[in-house]
1. Rolling a 1.4 angstrom probe over the protein heavy atoms, how many square angstrom per residue are accessible across region 503-606?
2. Determine how many Å³ per residue the convex hull of the Cα atoms of region 273-416 encloses.
3. Hey, how many Å between the Cα centroid of region 535-606 and the Cα centroid of region 478-509?
4. Using amide H atoms built in the peptide plane, which far-off residues or other-chain residues are under 5 Å from CYS355 H to H?
5. Where does the charge balance sit around ASP268 when Lys and Arg score +1, Asp and Glu -1, over other residues with C-beta under 12 Å from its C-beta?
6. With respect to the cross-link table entries LYS91/LYS322; LYS322/LYS383; LYS263/LYS490; LYS383/LYS490; LYS225/LYS378, which display a Cα-Cα separation exceeding 30 Å?
7. Can you tell me the dipole magnitude for region 461-574 around its Cα centre, using point charges on the Cβ only (Lys, Arg +1; Asp, Glu -1), in Debye to the nearest 20?
8. Under a point spin-label approximation (7 Å from Cα along Cα-to-Cβ), what is the LYS551-THR39 distance to one decimal in nm?
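The values are calculated or read from the model by the stated rules, or taken from the named source; none is laboratory data. Everything quoted here is computed from the prediction, not taken from an experiment. Cβ coordinates were reconstructed from backbone atoms using ideal geometry, including for glycine residues, and neighbour counts include every protein chain displayed. Side chains are part of the model used for accessible areas, which takes the heavy atoms of the whole protein and leaves out ligands, DNA and RNA. Shrake-Rupley method; radii C 1.70, N 1.55, O 1.52, S 1.80 Å.
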Amino acid sequence: MNNYIKSSVIAMSLAAIVSSCDMDAPTISTLDESSVFSTYSLAEAEVMSIHISFGETNSYRGRFLPYYGLNTDLETGSGTYPSLKDQATDKQSLWNYSTLSTNGQMNTDNNAYAKFYEGIERANLAIEGIRKHGNIEHNKDMAHLLGEALTLRAVVYNDLVKAWGDVPARFVPNNPTNVYMPRANKDSIYKQLLADLAEAEQYCYWPKESSITKSTERVSKAFVKALRARIALYACGYALRSNGYTRSSDPELTQDKMMQIVKDECIDIINQGCNKLGDFKSNFVKLCQDNVTAGDESLWEIPFSDGRGRVLYTWGVKHNAKDQYTQQAQGGVNGPMPYLYYDYDVDDIRRDITCVPYDWSKELTEGKSHQQLRAINKWCFGKLRYEWMKRIVTSTNDDGVNWQYMRLADVYLMAAEAINYLDGPSAAWQYMKPVLDRALPAEKVAALQAKYTVSKDAFQNGIVEQRAFEFAGEALRKADLVRWGIIDEKMAECKQKLTDLANRQGAYADLPVKLYYKLADDGETIQIYGLNHGDTDDQGSDLKAEGYTAKDWFVASKDGSNIITEDYIEGLYVKQPSMNCLWPIWQTFIDKSNNMLNNDGNLGQL
């Protein structure tokens with residue numbers, strides 16, 4: 001994708017130069033709208049320029065991807081963990097459901113909200129230009145570009161609505177009549193996006209059907225359909241609205257209608273067979289290795305060039321020094337809830353990939369660092385690792401790894417959720433089963449089948465549980481909890497589970513007080529005893545004869561106080577999550593809106 005973005009930058013720069021020249025300059029005619037959007041390579045550059053807005057410093061790169069998905073019952077800031085006493089700091093208040101419109105991280109003219117509309121404007125220009133001049137009825141490649149532009153616009157608008165709720169609906173290029181616009185009801189936006197994606201399906205190629213869709217950095221029909229399914233789930237789910245935290249009352253967005261869309265779209269993708277699940281770990285290794293070949297689990301990724309994107313920086317395993325795997329001492333900013341590891345089945349292969357209790361040492365031996373235990377309140381997510389990359393990251397902050405926006409496991413579990421609602425758990429099970437088959441032994445999959453297929457409610461609870469284990473660290477959970485209407489329940493449960501874990505009670509009563517560890521013979525990897533239910537301190541102490549060292553895990557060695565503190569637990573949320581699950585529109589945009597914008601619809605912000 002780097003070449004596409006570069007060509008787009010060049011095209012935009014040329015356009016800027018021409019627009020600043022004398023209107024009689026002969027070069028203006030070579031870049032007029034009809035010339036650009038009737039020529040595939042030029043039109044493609046304009047569509048690819050939409051991606052630039054994803055990578056801007058304070059857009060997806062540095063503001064939305066690091067912060068939107070926090071705090072949930074799975075994910076929190078790990079490097080700077082939750083703190084009630086720090087609730088007013090700009091970063092903490094983006095996570096803990098107390099965000100103000102004057103937030104210092106966001107209340108600027110170049111933050112994510114502004115950059116999202118910048119991307120929308122680029123998409124609007126491309127859509128209008130290709131419709132007018134692209135001859136899409138006779139040019140399939142140009143039709144695909146139109147579908148791609150419609151889809152990228154839907155990506156941005158969907159994230160706008162997730163984060164800010166009702167927002168201005170700008171579906172045509174800027175002009176004197178739409179400079180100032182009020183917030184539109186999110187239902188009208190959802191209906192527009194669903195219609196746009198239904199149209200885009202007719203234009204876009206399946207993965208690898210064309211040279212255009214040989215890469216996961218390009219929109220394919222599989223992604224269009226999957227995105228339409230995701231938006232349909234949001235559209236019929238709970239949301240914070242002007243009349244409270246509730247489902248839509250729009251007759252076009254009922255659960256029956258939306259779940260049918262989800263079912264149809266997901267089954268189409270699965271039956272087409274253009275993508276395959278494969279091995280759970282391999283999906284993330286491939287992502288870290290910049291392997292963008294289409295056809296495996298990844299359906300679409302936000303493309304970042306080598307020098308942009310803070311994906312590992314934020315969601316990867318922490319490296320404390322420039323070492324044998326990276327020249328960037330970053331990672332570990334966000335991490336899993338401390339109890340998540342213990343909630344997985346011991347045989348679930350997703351556990352040790354997702355939740356990592358170590359980071360990489362600051363101390364180097366012959367230029368090499370080694371794994372070392374973190375603390376129980378500072379786990380790392382392990383799906384993204386510098387050590388899996390094929391190139392050494394040299395940037396201070398950016399690692400260039402793509403953000404995987406949609407993968408096939410999501411399609412299977414969305415299908416299972418919709419089919420359970422429409423047809424019941426027996427019909428839905430076949431779509432959950434492939435996701436579990438690659439994660440657990442056959443006998444444990446069978447046990448879950450017996451548990452989940454008892455009733456529709458039991459299966460929906462299974463969806464909630466398995467989406468947690470499957471997607472932890474991928475920033476999907478917050479929107480899921482909101483749309484299911486259970487965010488208050490799950491966040492209260494989160495505090496209780498942390499309390500139980502801190503005190504080794506309830507489900508966590510059988511855990512040892514300490515962990516026991518040693519460095520393996522390779523001098524890099526760490527071996528740990530004490531992380532499984534039923535492990536004991538007696539057995540751990542016996543391992544000292546084999547070179548293991550004990551580490552206090554639950555209580556501080558100095559004073560015996562809990563490491564997971566009350567401050568940590570109470571800092572997860574300071575206001576009711578359901579009523580404060582949206583970010584406010586930032587004050588700078590309200591001040592410049594000619595009195596058209598406010599935060600009155602965000603009830604929790606009043």
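1. Computed with neighbouring chains in place, this is 51 Å² per residue.
2. 117 Å³
3. Centre-to-centre distance over Cα atoms comes out at 12 Å.
4. Residues meeting the amide H criterion: GLY382.
5. Result for the neighbourhood of ASP268: +1.
6. Working: LYS91/LYS322 26 Å; LYS322/LYS383 20 Å; LYS263/LYS490 26 Å; LYS383/LYS490 24 Å; LYS225/LYS378 37 Å.
Going by Cα-Cα distance, LYS225/LYS378 fall outside the 30 Å limit.
7. 280 debye
8. 5.9 nm
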